[in-house]
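Participant: Quick one: the structure is below, questions incoming.
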Amino acid sequence: MVERHGFLYVGGYFTKANGVWVNSIVRFYSPPDTTIVSDEILKKMKAFDYQKKMQDITIAKVEDLPNYDAIIFGTPTRFGNMCAQMRAFLDSTGSLWVKGSLVGKVGAAFTSSSTQHGGQESTILTTHITLLHQGMIIVGLPYTFDKQMENNEVSGCSPYGVSTIAKTNEQVSCTETEIKGAEFFGSHIAKITKKLCN
């Protein structure tokens, strides 16, 4: 699942490219828009422009989630947590929880924030909590992706999942580490999912 703004869409495509590499079928969905922010604020954020660019992404349905072996959730960071749209979507999965429909499926998360210390790790970790309640098997970004050990640039990526620091000038510009991290992440998730399904 990808949020319909900036890096998360781009990050999803890096993940898709590597999912296909290991013969996975990858689909992209966006949570329903539950925005409670005024149109005036959305206009200042240029959210309407992004929504137009991303209008080809299908809106996710809770009842479709059990059909997938792995689900990678992407959400921008909002005050150190997932965005309201993703929270509302995940809160609507109670019927799946009651039936155990997602138990044993692979779950992962990625995010972006507009500042270096904007809550990337806390956003991914709080997403993991919901996935664990659903009985999903969490996959992160292991240190075998050794670029996350480097400290010569400011970039996202942690053992919890991939992330980026989104630029505020309307440019989506991931660092080389973030791009490689997203590629590794997608490939790693697809390989683990394939092992679990065999």
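Participant: Would it be correct to say that Phe184 is farther than 27 Å from Asp91 by Cα and open to solvent by less than 50 Å² (accessible area, probe 1.4 Å)?
Facilitator: no
Participant: Any chance the range 79-89 includes a residue that's touching a helix residue (DSSP H, G or I) at 6+ places or on another chain (Cβ under 7 Å), at pLDDT 90 or above, assigned to a loop (DSSP other than H, G, I, E, B) and open to solvent by less than 50 Å² (accessible area, probe 1.4 Å)?
Facilitator: Within the range 79-89, one or more residues are touching a helix residue (DSSP H, G or I) at 6+ places or on another chain (Cβ under 7 Å), at pLDDT 90 or above, assigned to a loop (DSSP other than H, G, I, E, B) and open to solvent by less than 50 Å² (accessible area, probe 1.4 Å).
Participant: Answer yes or no as to whether Lys195 is among the charged types (D, E, K, R), without any contact (Cβ under 8 Å) to a residue 60 or more places away in the chain and touching a helix residue (DSSP H, G or I) at 6+ places or on another chain (Cβ under 6 Å).
Facilitator: no
Participant: Restricting to the range 114-143, count the residues that are of a type in the set (Ser, Thr, Tyr), in contact (Cβ under 8 Å) with a residue 40 or more places away in the chain and open to solvent by 10 Å² or more (accessible area, probe 1.4 Å).
Facilitator: 5
Participant: Condition first: at pLDDT 95 or above and in contact with a His (Cβ under 7 Å, 6 or more places away or on another chain). Can you find one or more residues in the range 95-107 that meet it?
Facilitator: Yes; the residues of the range 95-107 include at least one that is at pLDDT 95 or above and in contact with a His (Cβ under 7 Å, 6 or more places away or on another chain).
Participant: Based on what the data block shows, is Leu125 farther than 24 Å from Ser38 by Cα, modelled with pLDDT of 95 or more and part of a helix (DSSP H, G or I)?
Facilitator: yes
The values are calculated or read from the model by the stated rules, or taken from the named source; none is laboratory data. Fair warning: this is a prediction, and the values are worked out from it, not measured in the lab. All Cβ positions, glycine included, derive from the backbone under ideal geometry; neighbour counts span all protein chains shown. To get the accessible areas, we keep the full protein, side chains included, count just its heavy atoms, and leave off ligands, DNA and RNA. Shrake-Rupley method; radii C 1.70, N 1.55, O 1.52, S 1.80 Å.
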